[in-house]
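Heads up: the structure comes next, in structure tokens.
The values are calculated or read from the model by the stated rules, or taken from the named source; none is laboratory data. A quick note: this is a predicted structure, and the numbers were derived from the prediction, not measured. Methodologically, a virtual Cβ is constructed for each residue, glycine included, from the backbone with ideal geometry; neighbour enumeration extends over all protein chains shown.
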Amino acid sequence: MTRRLTRPGRLLLALVLVGIVAGVAATVAHALAFDDANPCHDTQPVFVCPQGTVAASYSIQLVGRGGCGPALPYQYRVLSGALPPGLSLSSGGSLSGTPSASGTYSFWLELSDQNPPSQSWCNPPQQAQRPFSLTVAPGLRITTNSLPQTASVGVAYSATLDAQIVTNLNPLTGTGASGVTWTIASGALPPGLSLGSGVISGTPTAEGSFTFQVRAAIDASRTSIQTYSLTVRQPLAVTASKPLATAPLPTLWEVGVPFSAKLTPSGGNGTYTIALADGTLPAGLAVAADGTISGTPHTAGVSRATIRTTDGEGRTVDYVASFGIANKVSVSTLLLRPGKVGKLYRAKLSSTGGLTPRIWKVTSGQFPKGLRLDRATGIVSGIPRKAGSFTLTFQVTDGLKVTATKTFKIVVAETKKPKKKP
């Protein structure tokens, strides 16, 4: 027996059928697809994305339509090909990063409904695949990564910044950039310094540590920002102790006499390295790491050496040490001439080597009566009053208190009386 539907039942069945048909129609009308204008433009068959620039931050958000969205989130992934180096695609459709190589890159992307779906009504989830293209243009990159940390109060400073048109960051590949505009993007340069045409220069007027950002730009799409730190300190200086002479005067010394003096640095960052940079020290002398110059010269002659002090940040200061090394002092006179009683006598003692002043004295023996020694000149003079042979030891002392002695005889003869005429 066939049961007929009541009027309310027929109405309910009709509504269900309409809903099913409408659902099918809705599914067909709203097939899953990439938005054909935002952010990548559909040029059929390829979606062309906005251009990127090497070394410049890049970010777009892919957009889908239809399917189970936007009630349920879409999912995105790379099916084939390769994104530009430096970019990545999140599952939520964010294509972002910093492109590291120029060129045009082609890849296939997949857009899908949430899978597995969190709602039962999204069944089955849909998928859509399309080819994409993204061009990365050469960009601008500041290639100076740090500044020379040699800035000192009252000392001229200069640092040149370089920028390149780069096609690849790994490894860095590019050519010199022209038409670059340089500005301070944030922070401030140390007082006394300024930025112009890519050169930071001037004379610092105050100590301190300064952090600032420099911006290089050719146009709106080709810019680069670099952060720098620069510390300004007191200038590096060095003080030489005695007996080192004040440059450019030479330091005079003597063979066989021990020598010791010290270079004492100040200013800079407080960490110092002291070493011979050029020339030679006298044979027998050496410079130690603490700045002490010491030893015993064993060869006479003239020498010149540049001793460089470097601090931990690269500041340098040179001390030019000129040396004149004399032979050891000695008495060079061979003998003293004889004299006569009552006759004017004069003889000069001479020395070689050593340093001035030279002082003479008699260390043993007695002068003939009437003679005396000029200690400053070494001249023995006077009028002998008594004949005889006199043995004396003379000593000369030079400017370094080095002594030399020698023994001489002075023979004084009687003066012959003239014969009487017959």
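Before we move on, is PRO368 outside any strand (DSSP E or B), without any contact (Cβ under 8 Å) to a residue 40 or more places away in the chain, over 30 Å from PHE259 (Cα atoms) and not assigned by TED's automatic domain parsing to the domain that holds LYS242? Judged against the criteria, PRO368 is not a match.
Only one of ARG346, ARG337 is surrounded by fewer than 18 Cβ atoms within 10 Å (Cβ to Cβ), of a type in the set (Lys, Arg) and not in a loop (DSSP other than H, G, I, E, B); which? Within the list ARG346, ARG337, the selection yields ARG346.
If you go through the stretch 274-284 and keep only what is crowded, with 19+ Cβ neighbours inside 10 Å, under 31 Å from the mean Cα position of the chain (by Cα) and under 16 Å from ALA300 (Cα atoms), you end up with just LEU281. The residues of the stretch 38-49 that are in a loop (DSSP other than H, G, I, E, B) and in contact (Cβ under 8 Å) with a residue 60 or more places away in the chain, listed by number, are CYS40, PRO45, VAL46, CYS49. Checking ALA220, ALA206, ALA245 one by one, the residue that is touching a strand residue (DSSP E or B) at 6+ places or on another chain (Cβ under 6 Å) and of a type in the set (A, V, I, L, M) is ALA245 and no other.
Filtering the stretch 345-355 for residues that are on the phi > 0 side of the Ramachandran plot and modelled with pLDDT of 95 or more leaves a non-empty set. Assessment of the stretch 138-161 against the conditions (in contact (Cβ under 8 Å) with a residue 60 or more places away in the chain, surrounded by fewer than 18 Cβ atoms within 10 Å (Cβ to Cβ) and of a type in the set (Gly, Ala, Ser)) yields at least one matching residue. Can THR104 be described as among the β-branched types (Val, Ile, Thr), outside the structural domain of PRO70 (by TED's automatic domain parsing) and either in a loop (DSSP other than H, G, I, E, B) or closer than 24 Å to THR223 by Cα (or both)? Here the answer is no, as THR104 does not meet what is asked. Being under 32 Å from the mean Cα position of the chain (by Cα), at pLDDT below 95 and aliphatic (A, V, I, L, M): is that true of ALA245 here? Here the answer is yes, as ALA245 does meet what is asked. Among the conditions (1) at positive phi; (2) free of Cβ contacts under 8 Å to residues at least 40 places away in the same chain, GLY256 misses just one, which is (2). Scanning the stretch 127-181 for residues that are within 30 Å of SER80 (Cβ to Cβ), of a type in the set (S, T, N, Q) and touching a Leu at 6+ places or on another chain (Cβ under 9 Å) returns GLN127, GLN129. Pairs meeting the criteria (first residue in the stretch 270-286 and assigned by TED's automatic domain parsing to the domain that holds THR306 and within 14 Å of GLU313 (Cα to Cα), second residue modelled with pLDDT under 95 and not in a loop (DSSP other than H, G, I, E, B), beta carbons under 7 Å, at least 6 apart or on different chains) are lacking.
Of everything in the stretch 216-240 that's within 29 Å of the chain's Cα centre (by Cα) and assigned to a loop (DSSP other than H, G, I, E, B), which residue is farthest from THR352 (Cα to Cα)? Checked the stretch 216-240; the qualifying residue farthest from THR352 (Cα to Cα) is GLN234. Please indicate, with yes or no, whether at least one residue in the stretch 308-322 is in contact with a strand residue (DSSP E or B) (Cβ under 6 Å, 6 or more places away or on another chain) and part of a loop (DSSP other than H, G, I, E, B). The answer is no, given that none of the residues of the stretch 308-322 is in contact with a strand residue (DSSP E or B) (Cβ under 6 Å, 6 or more places away or on another chain) and part of a loop (DSSP other than H, G, I, E, B).
Within the set THR393, THR377, THR397, the sole residue that is outside the structural domain of PHE259 (by TED's automatic domain parsing) and closer than 18 Å to GLU254 by Cβ turns out to be THR397. In the set (1) of a type outside the set (Gly, Ala, Ser); (2) touching a Lys or Arg at 6+ places or on another chain (Cβ under 7 Å); (3) surrounded by fewer than 18 Cβ atoms within 10 Å (Cβ to Cβ); (4) touching a residue at least 60 places away in the same chain (Cβ under 8 Å), the condition left unmet by GLN395 is number (4).
Being surrounded by 15 or more Cβ atoms within 10 Å (Cβ to Cβ) and assigned to a strand (DSSP E or B) is the filter here; which residues of the stretch 195-212 pass it? Scanning the stretch 195-212 gives LEU195, ILE200, SER201, GLY202, PHE210, PHE212.
Summed over the stretch 169-194, residues that are in a strand (DSSP E or B), surrounded by fewer than 16 Cβ atoms within 10 Å (Cβ to Cβ) and not small (Gly, Ala, Ser) total 6.
Taken together, the residues in the stretch 150-168 that are out of contact with any Gly (no Cβ under 6 Å at 6 or more places or on another chain) and assigned to a loop (DSSP other than H, G, I, E, B) amount to 6. The set of residues in the stretch 213-245 that are crowded, with 19+ Cβ neighbours inside 10 Å and under 14 Å from THR144 (Cβ atoms) comprises VAL214, ALA216, SER224, GLN226, TYR228, LEU230. Is it true that PRO84 is loosely packed, with under 14 Cβ neighbours inside 10 Å, under 48 Å from the mean Cα position of the chain (by Cα) and of a type outside the set (Gly, Ala, Ser)? Criteria not met by PRO84.
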